[in-house]
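A short write-up of the structure that comes next.
The values are calculated or read from the model by the stated rules, or taken from the named source; none is laboratory data. Fair warning: this is a prediction, and the values are worked out from it, not measured in the lab. Please note: Cβ atoms are built from the backbone with ideal geometry, for glycine as well, and neighbour counts cover all protein chains shown.
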Amino acid sequence: MRLDKSKEVFDKTKRYIPGGVNSPIRAFKNLSITPPVISKGKGCRIFDIDGNEYIDFVLSWGAMILGHCDPDVVNSIKEVVEDQIAFGAPTEIEYKMAKLVCETAQIDMVRFVNSGTEATMTAVRLAKGYTGKKKIVKFAGCYHGHHDIFLKEAGSAVAELRLKGIDEDIVQNTIVVEYNNLDSVEKAFKENKDEIAAVIIEPVAGNMGVVPAKKEFLQALREICNLHGSLLIFDEVITGFRLSLKGARALYDVEPDLITFGKIIGGGLPCGAVGGKKEIMQCLAPQGNVFQAGTMSGNPIVMSAGYATIKKLKENPHFYGNLEMLAGKLEKELTQVFSNSNLTFCINRVGSMLTIFFGVEKVENFEMAKMSDLDLFRSFAEYMIKNHIYVPSSQFEAMFLSVAHSENDVEKFVEIAEEFCSSKRK
Ligand code: PMP
């Protein structure tokens, strides 16, 4: 595969943008190939400026659940863009979108922001304002955006960095505990009695690779929060509208107090949201005194693209069933391929999000994820991308499917994975 033009543009970009990217994971720091510079996306395929075509299993890190440039989403943008770009004033599409999100995800109220980071930051401020407490509990390996308070032992691109520039005074109020380990949560509550404003968790983690929370664990978190007067925040930036219309919480039958959204909610445009119970949400300014604002929040083009996306998910009763079938096929066939090659591995999958870990038999938390064979994963990711299957370059990310993928696309993935295994045997 030739990436000459991509390399040229990427090298030129580095002169002006640190590392050549606007978000670290895109730089392929782990791999020895240059990141393809993408020029087009259609359905489940993306194309680079060298003329290479890839089947995309990254999907803008989960955002493009309908595939790239879905015609309804494109039209929804075209419909508004002639008349409405930005006002910083109320628009009717905000009302329509808020109603659709609240009714679909079954929440009382919502506030739109511009990213997942803003959503989680707002959720935590709300929790602190509502409870009058100052500490938060987060889980090692979960990623909630790039605000200081969340970067302690975070997953995703943070996992492989030694961080600088973090305000330690603020971070003191973040308590990190182990995913799926109730004892560590109980210990945190015991040691910080009456001080914990909220527990924030990805109910299915996507940022240490895919690691599902155990149902009893999430249910116990709900009880502990109730007992101590702390809020439970589900960070559904990845899982919201991906695992079901009601997100991961429908799978677990646990109701958090606040939920954060991102990615899918904006149909591929910059968007995030925090939503939840009215009693808490109405503490936000101007109704209450917890301040939060944004010049671009609720932007009409973004709202329109998000509206078209969620409407489409809602109108197709087979949507999540189809995704489950495709992703199930991928899991099953990959399991076969890796087993035939006598590899030790585990595949964690929930719905249409999936991660392959090599060298380990199960992964239930960040420590276990870090014990997997990171070198083998790197060579796998590189092999797949070189062979036109676009997968996350890092172990600590999830792979995604969209409804634009077909069984053929899944079979192509499996075929290349099989080739990778044979190349290792040689
Ligand atoms: N929460 C989770 C669970 C995420 O996966 C991410 C981003 N991958 C964020 C928050 C932050 O979202 P954003 O990158 O839009 O700021």
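Does Phe357 fit the bill of being outside any loop (DSSP other than H, G, I, E, B), surrounded by 23 or more Cβ atoms within 10 Å (Cβ to Cβ) and of a type in the set (Phe, Trp, Tyr)? Explain how you work it out, then say what you get.
Numbers: outside any loop (DSSP other than H, G, I, E, B): yes; surrounded by 23 or more Cβ atoms within 10 Å (Cβ to Cβ): yes; of a type in the set (Phe, Trp, Tyr): yes.
Judged against the criteria, Phe357 is a match.
Looking at segment 53-111 only, could you name the residues that are out of contact with any Phe, Trp or Tyr (no Cβ under 6 Å at 6 or more places or on another chain), among the acidic types (Asp, Glu) and under 28 Å from Gly41 (Cα atoms)?
The answer is Asp70, Asp72, Glu79, Glu82, Asp83, Glu94.
Assess whether Gly267 counts as being at positive phi and either of a type in the set (Asp, Glu) or more than 13 Å from the ligand (Cβ to nearest atom) (or both).
Working: at positive phi: yes; either of a type in the set (Asp, Glu) or more than 13 Å from the ligand (Cβ to nearest atom) (or both): yes.
Against the criterion (at positive phi and either of a type in the set (Asp, Glu) or more than 13 Å from the ligand (Cβ to nearest atom) (or both)), Gly267 qualifies.
Restricting attention to segment 154-203, report how many residues are surrounded by 14 or more Cβ atoms within 10 Å (Cβ to Cβ), more than 16 Å from the ligand (Cβ to nearest atom), in a loop (DSSP other than H, G, I, E, B) and in contact (Cβ under 8 Å) with a residue 60 or more places away in the chain.
4
Please determine whether any residue of segment 227-239 is within 25 Å of Glu397 (Cβ to Cβ), of a type in the set (Ser, Thr, Tyr), buried (at least 19 other Cβ atoms within 10 Å of the Cβ) and in contact with a Phe, Trp or Tyr (Cβ under 8 Å, 6 or more places away or on another chain).
Among the residues of segment 227-239, not one is within 25 Å of Glu397 (Cβ to Cβ), of a type in the set (Ser, Thr, Tyr), buried (at least 19 other Cβ atoms within 10 Å of the Cβ) and in contact with a Phe, Trp or Tyr (Cβ under 8 Å, 6 or more places away or on another chain), which makes the answer no.
So Val58 ticks every box in (1) touching a helix residue (DSSP H, G or I) at 6+ places or on another chain (Cβ under 9 Å); (2) under 23 Å from Asp4 (Cβ atoms); (3) not polar (S, T, N, Q) but one. Which box is left unticked?
With (1) touching a helix residue (DSSP H, G or I) at 6+ places or on another chain (Cβ under 9 Å); (2) under 23 Å from Asp4 (Cβ atoms); (3) not polar (S, T, N, Q) applied to Val58, the lone miss is (1).
Among (1) more than 16 Å from the ligand (Cβ to nearest atom); (2) in contact (Cβ under 8 Å) with a residue 60 or more places away in the chain; (3) of a type in the set (S, T, N, Q), there is one condition Thr260 misses while meeting the rest; what is its number?
Only one criterion in (1) more than 16 Å from the ligand (Cβ to nearest atom); (2) in contact (Cβ under 8 Å) with a residue 60 or more places away in the chain; (3) of a type in the set (S, T, N, Q) is unmet by Thr260, namely (1).
Under 26 Å from Ala154 (Cα atoms), in a helix (DSSP H, G or I) and assigned by TED's automatic domain parsing to the domain that holds Gly247: is that true of Ile301 in this structure?
Taking the combined requirement at face value, the residue does not satisfy it.
On the given criteria, is Gly209 on the phi > 0 side of the Ramachandran plot and either under 18 Å from the mean Cα position of the chain (by Cα) or hydroxyl-bearing (Ser, Thr, Tyr) (or both)?
Values: on the phi > 0 side of the Ramachandran plot: yes; either under 18 Å from the mean Cα position of the chain (by Cα) or hydroxyl-bearing (Ser, Thr, Tyr) (or both): yes.
Yes.
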